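Shown next, in structure tokens, is the structure this report addresses.
The numbers here are math on the coordinates, done by the rules we state, and not lab data. Just so we're clear, the structure is a prediction, and the values are computed from it rather than from any experiment. Glycine also receives a Cβ, built like all others from the backbone with ideal geometry; neighbour counts cover every protein chain displayed.
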Amino acid sequence: MVYGTAGFTAALAIHQLEHNGLERENGPVLVTGATGGVGSIAVTMLSKLGYDVVASTGKDSEHDFLYSLGAKEIISREELQPEKIRPLDKQRWAGAVDPVGGNTLAYVLSTTKYGGSVAVMGLTGGPKLGTTVFPFILRGVNLLGIDSVYCPMPLRKKLWERMATDLKPTILSDLTTEVSLDELPTTLKNILS
Ligand SMILES: NC(=O)c1ccc[n+]([C@@H]2O[C@H](COP(=O)([O-])OP(=O)(O)OC[C@H]3O[C@@H](n4cnc5c(N)ncnc54)[C@H](OP(=O)(O)O)[C@@H]3O)[C@@H](O)[C@H]2O)c1
């Protein structure tokens, strides 16, 4: 229950990035929407695996939280949404977990290192993707689609095994609070606000 769909999706993304060649030596791994459900678990799982995690967030107040999850560096959400996105820009990340999509994904693709992969599973930044073929045909960048719903059972089982072992964040239980059934109406109201 602590992992939720978000946690499973983060695990699937990391698994697919590694399946497509991501290794610690390749360079930093970017996580967008880092304080969100998918992003926060991805930060802590990647950090546990020994990756240098760059976390992008729009929340200045949550930097300490992201460092506690294991982020090495924090960048602003705006840095990934420049006004003009060049087809190819300076190579920055060996891989990326991107729950944001939209223009952020276009920028991330144009700044992914040669042979790197970007796993996309969400659209909090919008569903449209305005990019070019250049990251794919000149840098061999891979865009990996992540879907947790129809993920086949054999892979699902493998991922839950990993989520119980090498991907299991040391601080997993700290990410939740237990409430009684009576406290639920107030708690849900707080979550929504
Ligand atoms: N494909 C799948 O199987 C699958 C599974 C689970 C979720 N999803 C999708 O993945 C996305 C994220 O899910 P989640 O559970 O992590 O959601 P969430 O908890 O709401 O987190 C989303 C995060 O995105 C960032 N964000 C919000 N508005 C933004 C904007 N306008 N531009 C850029 N960043 C923005 C925020 O992080 P910061 O403030 O830190 O920037 C926010 O915390 C959703 O679109 C969801 O539907 C897909």
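Computed values, structure above
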{"read-out": "Dipole in debye (nearest 20) - the chain, about Cα centre, beta carbon charges: Lys, Arg +1; Asp, Glu -1", "value": "640"}
{"read-out": "Within straight-line cross-link reach of residue 168, lysines at Cα separation under 16 Å, skipping those fewer than 8 residues along the same chain", "value": "48, 157, 158"}
{"read-out": "Trypsin sites (Lys or Arg not before Pro) within the range 70-99: DSSP coil, no more than 10 neighbouring Cβ in 10 Å", "value": "84, 90"}
{"read-out": "Volume per residue that the Cα convex hull of the range 106-182 spans, once the total is divided by residue count, Å³", "value": "193"}
{"read-out": "Set of lysines near residue 84 by C-alpha distance (under 29 Å), chain-local residues within fewer than 8 positions excluded", "value": "59, 72, 113, 128"}
{"read-out": "Positive-end residue, the range 61-193 charge dipole about Cα centroid, Cβ charges, pick of 151, 76, 134", "value": "134"}
{"read-out": "Tensor-based shape of the range 82-125 (alpha-carbon gyration tensor, a/c under 1.5 rounded, otherwise prolate or oblate)", "value": "oblate"}
{"read-out": "Overall Cα dimensions of the range 57-188 - principal axes, largest extent first, Å", "value": "55, 40, 28"}
{"read-out": "Debye intensity ratio in log₁₀ form over the Cα atoms of the range 1-81, taken at each q of 0.12, 0.13, 0.14 Å⁻¹", "value": "-0.30, -0.36, -0.41"}
{"read-out": "The range 31-129, dipole about Cα centre (Lys/Arg Cβ +1, Asp/Glu Cβ -1), debye to the nearest 20", "value": "320"}
{"read-out": "Column: log10 I(q)/I(0), Debye, Cα scatterers of the range 112-156, q = 0.20, 0.21, 0.26 Å⁻¹", "value": "-0.80, -0.84, -0.98"}
{"read-out": "With 5 Å bins from 0: P(r) over the range 2-44, alpha-carbon pairs, percent", "value": "5, 24, 29, 23, 14, 4, 0"}
